[in-house]
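> After the structure tokens below, expect a handful of questions from me.
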């Protein structure tokens with residue numbers, strides 16, 4: 001099943017574009033910023049001084065930002081050492097997590113799909129969120 005394969009950076013673009021009402025704007029250096037209703041939910045960040053390789057001190061060139069629903073969701077992702085997610089002091093108080101594109105394969109495409117969907121849901125209007133959730137309701141929820 002393709003959903004269980006390691007995620008790729010290309011999947012981020014495909015999954016984000018697959019969500020409804022998405023527009024893509026370009027950051028100052030041409031990086032993709034995916035928005036719903038004018039609110040960013042996934043974006044590719046330019047290298048910044050707050051996200052550096054601990055071994056080399058070089059700025060990370062491939063950081064992707066994903067919105068999350070809450071601080072609790074953020075902490076669940078960044079505190080789990082089995083995931084590639086992290087944050088920096090720059091994002092304190094911001095409901096988002098970071099991941100290096102080069103480490104995205106540490107999660108599955110299905111996990112990435114859920115992350116992108118959750119990011120979209122965190123930023124979409126209440127009406128769009130309700131419509132999407134109704135259309136994607138699981139007819140056989142797990143206990």
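Every number in this text was worked out from the coordinates using simple rules, so none of it is lab data. Bear in mind the structure is a predicted one, so any value in this text is a computation, not a measurement. When we count neighbours, we look across all protein chains shown, and the Cβ atoms used for this are built from the backbone with ideal geometry, even at glycine.
> How many angstrom lie between the Cα centre of segment 31-85 and the Cα centre of segment 89-139?
Their Cα centres are 12 Å away from one another.
> Arrange the peptides 93-105, 112-124 so that the one whose residues have, on average, the most other Cβ atoms within 10 Å appears first.
Highest mean packing first, the order is 112-124, 93-105.
> OK, next. Does segment 25-78 come out rounded, prolate or oblate by the C-alpha gyration tensor, with a ≥ b ≥ c the root eigenvalues, rounded set by a/c under 1.5 and, if not, prolate when a/b is larger than b/c and oblate if not?
Cα axes put segment 25-78 in the oblate bin.
> Something else: How far apart, in nm, are the 7 Å Cα→Cβ label points at residue 80 and residue 137?
Those two pseudo-labels are separated by 2.7 nm.
> In addition: Angle between the Cα long axis of helix 9-18 and the longest principal axis of the chain, 0 to 90 degrees, nearest 10?
Tilt relative to the chain: about 30 degrees.
> A further question follows. At q = 0.17, 0.18, 0.32 Å⁻¹, work out log10 I(q)/I(0) for segment 54-105 with the Debye formula, treating every Cα as an identical point scatterer and leaving solvent out; two decimals please.
-0.51, -0.57, -1.35
> What is the chain's relative contact order, in percent, from Cα pairs under 8 angstrom and six or more apart in sequence?
That works out to 28 percent.
> Using just the helices of the chain, give the 222 nm mean residue ellipticity in deg cm²/dmol: DSSP H runs with n ≥ 4 each add -39,500 (n - 2.57), and the total is spread over all residues, rounded to 500.
Roughly -9500 deg cm²/dmol at 222 nm, from the helical runs in the chain.
> Now for a different question. Between residue 32 and residue 73, with labels modelled 7 Å along Cα→Cβ, what's the label distance in nm to one decimal, could you check?
Inter-label distance under the simple model: 2.0 nm.
> Expressed as a fraction of 2.2 N^0.38 Å, the rule-of-thumb size for a compact globular protein of N residues, what is the C-alpha radius of gyration of the chain?
Numbers: Rg = 15.2 Å, N = 143, 2.2 N^0.38 = 14.5 Å.
Taking N as the residue count of the chain, the ratio is 1.05.
> Order by neighbour count: 81, 71, fewest other Cβ atoms within 10 Å first, most last.
81, 71
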